[in-house]
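Read the structure below first, then the notes.
The values are calculated or read from the model by the stated rules, or taken from the named source; none is laboratory data. No experiment lies behind these values; they were computed from the predicted model shown. Heads up, the Cβs are rebuilt from the backbone with ideal geometry, glycines too, and the neighbour counts pull from every protein chain shown.
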Amino acid sequence: MAELNSDQNELILRRYAELEELRSMGVNPYPYDFAVTASSGEIIASFLDESPQRTVSIAGRIMSIRRMGKASFIHIQDAHGRIQVYFRSNDLPNYNEFKLYDIGDIAGVTGFVFRTKTGEITVHASSLTLLCKSLHPIPTPKEEKDETGNKIVHDAFADKELRYRQRYIDLVVNPDVRGVFVKRAKIVSAMRKFLDERGMLEVETPVLQPLYGGAYARPFTTHHNALDIDLYMRIADELYLKRLIVGGFDGVYEIAKDFRNEGMDKKHNPEFTMMELYVAYKDYKWMMAFVEEMLSEICKAVNGTDALTIGERVISFAPPFQRITMLDVIEENSGKKLRGMSEEQLRIVARELHVENLDANAGSGKIIDEIFSQIVEPHLIQPTFITDFPLELSPLAKNHRTEVGLTERFELFVNGGELTNAFSELNDPLEQRRRFGEQARLRARGDDEAMRLDEDFLHALEIGMPPTAGIGIGIDRLVMLLTNQESIRDVILFPQMKPEKA
């Protein structure tokens, strides 16, 4: 908690005194319920001056107070917006209570709707009920309009770190933030609807796993006391979902939390949301067309169009998206032909291209990936499928059907960032065992993100998995894109934060 100054302490002490005075008057400052019959947004949208007088009951947080002797105005904020409320002492038996109300208190109001002389739709209160006494002042940004009609906000609650730590205040005083999370819910709902309508089955797989896998990542480790074993929080859902394809499901998906014990930046939070989908008898080419249609439909469902504007850029999700192989796009952007190069030759190219922070233990695949990430990725603005990744980077993907050393894998990039990762899934158990062995060699070289051998998954493949297409989509990154947010923390209600100093 941030240190309080003397003025803040005085305000808090005053609120505690008000709380005790209310109780001494017989007022319960924390009652059990209140019958709400309307919302601010609905009242304002439906009001007509010629309509019969309408009585409503609303509830919400008091965001402004104007006391004027025997009459007062407040603004109540609920989940749908704000509305003005007008009180007269002659109309309210408990008007004297109102002097003990503060900005931030939650109140219930019953009254009729009218329009004031200044044109503002208002509730004329006939009853007022305190529903929650707020004991800590909240920030109170003030808004005004300049000569050209642009909104100017004074004293905004704008400190990013404080907003993330105290999201409950952020949501109260910054209504646009609530809008982002409403849109997030619509994105997930639209995705689920699209998948369900096409016969995909939503399932749940374990969060706590005896062996982690399905991605390049370091896991979080925990301990199960009753079994006296270490368990891992999943880094991906992939290997369990593939087991379900082995079991006979044609299409399964999961929208779930994954956890990776890695760094944090604008695109990474250790706890994040993924949608993973696996469909039997399909390949990565089919999945590209499926994803084009899905993202276009989600964008239209949420924003009303399959195009969105980010800064000065207009990004179109209208199919088809551009498709280009990883090696070809590197050549286009750097002039370097990487096909057939040894690890040492790739390191030389990386130095020539000024690729930074290249791990000394990186193999050929990771070197190519770093060249791509630094030289190409920032320039992929329109939706672009990058296909045919090096084998070393794709231990769970099928070998490319025509080019040795590559796999049938694609990632979709939009606005300079990765959005999806997909494969023609490897279903040859002998080849999968060999790939796990190669991952073990990379781990021995110091790559602590390399995958571990999973004997039970190999046993499932030995039972037999049909040809399968699979994909993972980062929900947080998709929300960032469709809500035009720069940081993953702006689309996660409670992002991970460094501990505050005592």
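Structure notes:
- Verdict on R443 being surrounded by fewer than 21 Cβ atoms within 10 Å (Cβ to Cβ), at pLDDT below 90 and part of a helix (DSSP H, G or I): yes
- The stretch 479-491, subset farther than 24 Å from E297 by Cβ and in a loop (DSSP other than H, G, I, E, B), residue modelled with the lowest pLDDT: E486
- The criterion of being part of a strand (DSSP E or B), out of contact with any Ser or Thr (no Cβ under 8 Å at 6 or more places or on another chain) and touching a residue at least 12 places away in the same chain (Cβ under 8 Å) holds for L277.
- Test: residue in the stretch 324-346 that is under 27 Å from I475 (Cβ atoms) and at pLDDT below 95: no
- Entry remark, the stretch 101-134: residues being in a strand (DSSP E or B) and aromatic (F, W, Y) number 2 in total.
- Any hit, the stretch 336-343, residues being in contact with a Gly (Cβ under 7 Å, 6 or more places away or on another chain) and more than 29 Å from S296 (Cβ to Cβ): yes
- Residue satisfying all of: in the stretch 204-225; of a type in the set (S, T, N, Q) and exposed (fewer than 15 other Cβ atoms within 10 Å of the Cβ); farthest from D454 (Cα to Cα) among these: N225
One line per residue, one yes/no per condition, for (1) modelled with pLDDT of 95 or more; (2) assigned by TED's automatic domain parsing to the domain that holds E449; (3) surrounded by fewer than 13 Cβ atoms within 10 Å (Cβ to Cβ); (4) farther than 29 Å from F436 by Cα:
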position	(1), (2), (3), (4)
K183	yes, yes, no, yes
K193	yes, yes, no, yes
D196	yes, yes, yes, yes
L227	yes, yes, yes, no
L231	yes, yes, no, no
R234	yes, yes, no, no
Y240	yes, yes, no, no
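- Residue list for the stretch 380-426, restricted to those being polar (S, T, N, Q), touching a Ser or Thr at 6+ places or on another chain (Cβ under 8 Å) and outside any strand (DSSP E or B): Q382, S394
- Qualifying residue in the stretch 413-422 (condition: surrounded by fewer than 20 Cβ atoms within 10 Å (Cβ to Cβ) and touching a His at 6+ places or on another chain (Cβ under 9 Å)): yes
- Screening S296 against (1) in contact (Cβ under 8 Å) with a residue 40 or more places away in the chain; (2) surrounded by 15 or more Cβ atoms within 10 Å (Cβ to Cβ) leaves a single unmet condition, (1).
- Qualifying residue in the stretch 112-129 (condition: among the acidic types (D, E) and surrounded by 12 or more Cβ atoms within 10 Å (Cβ to Cβ)): yes
- Verdict on S51 being more than 34 Å from the chain's Cα centre (by Cα), of a type in the set (S, T, N, Q) and part of a strand (DSSP E or B): no
- Annotation note: Cβ proximity below 6 Å between a residue of the stretch 216-231 that is without any contact (Cβ under 8 Å) to a residue 12 or more places away in the chain and a residue that is of a type outside the set (G, A, S) and exposed (fewer than 10 other Cβ atoms within 10 Å of the Cβ) (sequence gap 6+ or interchain) occurs for D230/H223.
- Count of the stretch 230-277 residues which are polar (S, T, N, Q) and touching a Pro at 6+ places or on another chain (Cβ under 8 Å): 2
- Here Y95 meets each of (1) of a type in the set (S, T, Y); (2) surrounded by 14 or more Cβ atoms within 10 Å (Cβ to Cβ); (3) within 40 Å of the chain's Cα centre (by Cα) with one exception, condition (3).
- Restricting E449, E486 to those that are of a type outside the set (A, V, I, L, M) and surrounded by 14 or more Cβ atoms within 10 Å (Cβ to Cβ) reduces the list to E449.
- Restricting attention to the stretch 307-322 and to residues that are part of a loop (DSSP other than H, G, I, E, B) and at pLDDT below 95, the residue that is surrounded by the fewest Cβ atoms within 10 Å (Cβ to Cβ) turns out to be E312.
- Of all the numbered requirements in (1) at pLDDT 95 or above; (2) in a loop (DSSP other than H, G, I, E, B); (3) over 33 Å from the mean Cα position of the chain (by Cα), A360 misses one, and that requirement is (1).
Quick grid of which residues meet (1) more than 33 Å from the chain's Cα centre (by Cα); (2) closer than 22 Å to I103 by Cβ; (3) among the aliphatic types (A, V, I, L, M):
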position	(1), (2), (3)
L13	yes, yes, yes
S46	no, no, no
G60	no, yes, no
M63	no, yes, yes
